[in-house]
1. Return the total of residues in the stretch B:97-117 being touching a Leu at 6+ places or on another chain (Cβ under 8 Å) and either aliphatic (A, V, I, L, M) or under 24 Å from residue B:186 (Cα atoms) (or both).
2. In the stretch B:233-245, is there at least one residue being facing chain A (nearest Cβ under 10 Å), of a type in the set (Phe, Trp, Tyr) and either in contact with a strand residue (DSSP E or B) (Cβ under 6 Å, 6 or more places away or on another chain) or surrounded by fewer than 23 Cβ atoms within 10 Å (Cβ to Cβ) (or both)?
3. Based on what the data block shows, is residue A:133 buried (at least 19 other Cβ atoms within 10 Å of the Cβ), within 14 Å of another protein chain (Cβ to nearest Cβ) and under 27 Å from residue A:249 (Cα atoms)?
4. Could you go through the stretch B:252-273 and let me know if any residue there is under 13 Å from the mean Cα position of the chain (by Cα) and surrounded by fewer than 23 Cβ atoms within 10 Å (Cβ to Cβ).
5. Just to be sure before I move on: is residue B:21 crowded, with 24+ Cβ neighbours inside 10 Å and either modelled with pLDDT of 95 or more or farther than 16 Å from residue B:133 by Cα (or both) in the structure I sent?
6. Just the residues that are more than 14 Å from every other protein chain (Cβ to nearest Cβ), out of contact with any Ser or Thr (no Cβ under 9 Å at 6 or more places or on another chain) and part of a helix (DSSP H, G or I), please, taken from the stretch A:165-211.
7. Would you mind finding the one in A:75, A:27 that is assigned to a helix (DSSP H, G or I), touching a Ser or Thr at 6+ places or on another chain (Cβ under 9 Å) and not aromatic (Phe, Trp, Tyr)?
8. If you go through the stretch B:145-153 one residue at a time, do you hit one that is part of a helix (DSSP H, G or I) and closer than 16 Å to residue B:79 by Cβ?
There are 2 protein chains.
Amino acid sequence: MTTARVPYYLDCDTGIDDALAVAYLLAAAADESNGIEIVGIGSVSGNVSASVGAHNTLDLIALSGRDDIPVAVGAHDPQVGSFRGGAPHVHGANGIGDVAIAKSVSSVVDGESAEQMLVRLAHEHEGELRVIAIGPLTNIAAALRLDPALPGLVKELTLMGGAANVPGNITPVAEANIANDADAAAEVFAADWFITMVPLDVTMPNVFLEHHREALIESGRPVAVALGHMLDYYFEFYVGVYGHRASALHDPLAVAVALGEVGLKTAPVVRVLVDHTDGPGRGQTICDLRGMYNGFPEQSGAHARVVLELDDDFAPTLLAKLLTA
Amino acid sequence: MTTARVPYYLDCDTGIDDALAVAYLLAAAADESNGIEIVGIGSVSGNVSASVGAHNTLDLIALSGRDDIPVAVGAHDPQVGSFRGGAPHVHGANGIGDVAIAKSVSSVVDGESAEQMLVRLAHEHEGELRVIAIGPLTNIAAALRLDPALPGLVKELTLMGGAANVPGNITPVAEANIANDADAAAEVFAADWFITMVPLDVTMPNVFLEHHREALIESGRPVAVALGHMLDYYFEFYVGVYGHRASALHDPLAVAVALGEVGLKTAPVVRVLVDHTDGPGRGQTICDLRGMYNGFPEQSGAHARVVLELDDDFAPTLLAKLLTA
């Protein structure tokens, strides 16, 4: 007897926190009781180029013994303009903190781009596919253009991105994933599907500290050790943000939210649009949170759940999961 | 022997919460130990038209026995477009909650507009004049155009307006005073003077409740009683915001901050600009609060103090003051 598993597609720009997210997702899938199947992974330019991101992802999943998962390369450039070279000051020249991990013997998917893969998977798993996007939304918007019926095929979309009641990280109001392709993000939020947005409001206050990093390294487990070393680079960048060594837990938190593995204390469903003008607000996720003083009354037409507050600190949950990776 | 008093110019769009602010300022000035002199008041269209606002202000100051203070009518229309009729659903048809108070026998200043008065006063009190703006910034921007030297003449500008880490009240990101003339606000924030911004972040959580209103009415003092009756109208509007009868304390809080009568727990000096595009962010005060995770490190070129948190609840301070009005 076979039990149908819940299919997930991950779109990423790997990236140190993407590496944590991939490891989290793989660890969750390795637990048979979760009934999770990762049916495909796509890469997009963001922290690194789409090509580098795909190869980092291949290497990471090989380290986890999962080089059977197909990885497709997605968009190199945002909808408007060109890829600007990523964030080596945050993620290192190779995107994973300049840590060397074994190269996978597998190759990226041949003849199918990330957005093509996403559309195909959405049809194959009609009404069931869960999409997790932890990079810029270029591929997701491209898939919407490829098949405008996509929102009706996908069960839900969870994304790491935006800032609601806190500052951005690229501009005073814009977060990097959204700002890196504001036009794509505007299309994704305007489409008629249910979105769960995991913004800086929750990813910034939930951090790994040195003792979490040490626990990863001390575990002696290959994936955990590699992640611990990558975080050394990430922690240095964040000294300028937090005033001490730490790392925000952006992407793994989005995966944990998508899997329902963290409790959401405040997460209203509200209208969200993305500023894709050329003004100073470009890249901002404009969330209509005016109902915050009155328990967020229902808004007609709202279809984005904005995670503003968790029940508990995410770091222990993440650490426990990564120690099984 | 005479002691030089500290000169204040108030720019307002009276308005119920403006009425509270005017009463607060007059009560503070009535206390000789404060050494405050209100050298002029200008009106601007916002909650009501500039003309109605001027007459409401005249009537209020007459009720306080201060019809000696000159009140000048300012801009009827914002820089771009036309005055849209104010907010009768918030402030009543007459702007003061449809409460009837005695008409002042005094008249508005003849032959001098609010911005002309502001420029003249800034020269007469060079380096000393404190400006408090609790309406749209049309007059302040007009004064800047009339005399570009104004920032060097004025000691400081305190304004009620904007939203930093909380939603707006007119759009998801824009507060009414700023949004009512975003172009003027952009000029005011770009000018080289020290601004203290009192945004919705602090004016929304600090509220009057029914017992405060009753205390005003029970005092039997003419000004306090009139304010208590006005608040009845304002409280009804805010049921839709807070879910119960209450009022935000926008304008009086700005006056109290300008007078140094409330403690500021968090009030970083940061770069602020106003979105005056035609995009969805129009009217937003974009405050660079990215340093919030690290104690707000100093920013070069920053000249706006953004009040994010007070030491104490403002309502008791306000009530005590108004009971002396």
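1. Qualifying residue count for the region: 5.
2. yes
3. no
4. Yes: the stretch B:252-273 contains one or more residues that are under 13 Å from the mean Cα position of the chain (by Cα) and surrounded by fewer than 23 Cβ atoms within 10 Å (Cβ to Cβ).
5. yes
6. A:177, A:187, A:188, A:210, A:211
7. A:27
8. Of all residues in the stretch B:145-153, those part of a helix (DSSP H, G or I) come to B:145-146, B:150-153.
Subset that is closer than 16 Å to residue B:79 by Cβ: B:145-146.
Yes, the conditions are met somewhere in the stretch B:145-153.
The values are calculated or read from the model by the stated rules, or taken from the named source; none is laboratory data. Model, not experiment: these values are computed from the prediction. Don't worry about glycine lacking a Cβ; one is built from the backbone with ideal geometry, like all the others, and counts go over all protein chains shown.
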